[in-house]
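Following: one structure in structure tokens, then a few remarks.
The values are calculated or read from the model by the stated rules, or taken from the named source; none is laboratory data. In this text the structure is predicted, and so the values were computed from the model without any measurement. Ideal geometry is used to build each Cβ from the backbone, glycine not excepted, and the neighbour counts take in all protein chains shown. Each accessible area value is taken on the protein alone, full model and side chains, heavy atoms only, with ligands, DNA and RNA left out. Shrake-Rupley method; radii C 1.70, N 1.55, O 1.52, S 1.80 Å.
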Amino acid sequence: YKDAVRCGIISSPELREISGLSVSRKTPGLLWAINDSGNPPAVYGLSTKGILLRIYGVGNAANRDWEDLSGFRYQGTDFLVIADVGDNREKRLFNTLYCVKEPAPDRQRDGMLEVEWEMKFTYENGPLDCEAVAVDPANRKIYLLSKRKAVPVLYELPLDMPCKKSMYTARAVAEIRTI
């Protein structure tokens, strides 16, 4: 990797507390962002210069404590998974992943995204704070990284279209000693 280079500044008042950022798989030069808790459930499209280009509300979703999002291609379709996994006090009874189709580049500036699927889950060792999500479509896994532990732990969930009535359990797969 090369040294980081500043390419833009995000100054839009709609983006008060960005907690997740992902590169668009459909539109070159477009980034997707989400705000942390206390903000509307929305996905924001930004240029790589930091200019707000699009705003999409996420229907039937709540922003309890959104922490990250990840773009991925699955079975020929581009998606964004939004991780509502923040838990500073480590007391949440369950967490939620919302999956939406990535908007097409020719859609109007603003609009609504419908949740394609929603996964409710707990961690096998009880509540914890999480700040990061990644998707591995080749191995059909969703990964979550814990926070506030002496040694962060990587957890996994299956990448499936979840059954609405099921509660999933994120299983620990590795301790991450260095980042």
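For the reader, a short list of remarks on this structure follows.
- Three-way shape label, the stretch 76-179, alpha-carbon gyration tensor, a/c 1.5: prolate
- Farthest toward the positive end of the dipole of the chain, out of ASN60, GLY20, GLY111, is the Cα of GLY20, where the dipole comes from beta carbon charges about the Cα centre.
- Derived from the Cα gyration tensor, the three semi-axes of the equivalent ellipsoid of the chain are 26, 19, 16 Å, largest first.
- ALA42 long-range amide H proximity, modeled H, under 5 Å: ASN35, VAL58
- Cβ-Cβ FRET estimate between SER12 and ASP78, R0 fixed at 25 Å, reported to 0.05: 0.55
- Pairs of alpha carbons in the stretch 60-121 whose separation is greater than 20 Å (percent): 32 percent
- Across the protein chains, with a 1.4 Å probe defining accessible surface, the residues ARG177, ARG64, ARG73 rank ARG177, ARG64, ARG73 from largest area downward.
- Rg/Rh, computed from the Cα trace of the stretch 130-179 with Rh as the Kirkwood radius, has the value 1.01.
- Sequence-separation-based contact order of the chain, relative, with Cα cut under 8 Å and 6+ spacing, percent: 15 percent
- A simple rule links phi to the HN-Hα coupling: the Karplus curve 6.51 cos²θ - 1.76 cosθ + 1.60 with θ = phi - 60°, which for the stretch 55-69 gives 9, 10, x, 10, x, 6, 10, 10, 9, 6, 6, 5, 10, 7, 9 Hz, with x for Gly and Pro.
- For the stretch 1-47, a/c is not less than 1.5, where a ≥ b ≥ c are the root eigenvalues of the C-alpha gyration tensor, and a/b tops b/c. That puts it in the prolate class.
- Accessible-area value, ILE10, 1.4 Å probe, nucleic acids and ligands omitted, Å²: 80 Å²
- Net charge, ASN39 excluded, C-beta distance under 10 Å - Lys, Arg +1, Asp, Glu -1: -2
- When the residues GLU14, GLU156 are ordered by accessible surface, computed with a 1.4 Å probe over the protein chains alone, the sequence from largest down reads GLU14, GLU156.
- Toward the positive end of the charge dipole of the chain, with +1 on the Cβ of Lys and Arg and -1 on the Cβ of Asp and Glu, the farthest Cα among GLY126, PHE72, PRO41 is that of PHE72.
- Residues whose placed amide H lies under 5 Å from that of ALA132, excluding near-sequence neighbours: LEU145
- Per residue accessible area of the stretch 1-57, 1.4 Å probe, in Å²: 60 Å²
- Size of electric dipole in the chain: Cβ of Lys, Arg +1 and of Asp, Glu -1, about Cα centre, debye, nearest 20: 140 debye
- Protein accessible area in the chain, 1.4 Å probe - carbon and sulfur %: 51 percent
- Near the amide H of LYS141, within less than 5 Å, lie the amide hydrogens of ASP136, LEU159, all on another chain or at least 5 residues away, with H placed in the peptide plane.
- Rounded to whole numbers, the Karplus 3J(HN,Hα) couplings from phi for the stretch 134-149 are 9, 10, 10, x, 4, 9, 6, 10, 10, 10, 10, 10, 6, 9, 6, 9 Hz, using 6.51 cos²θ - 1.76 cosθ + 1.60 with θ = phi - 60°, and x at Gly and Pro.
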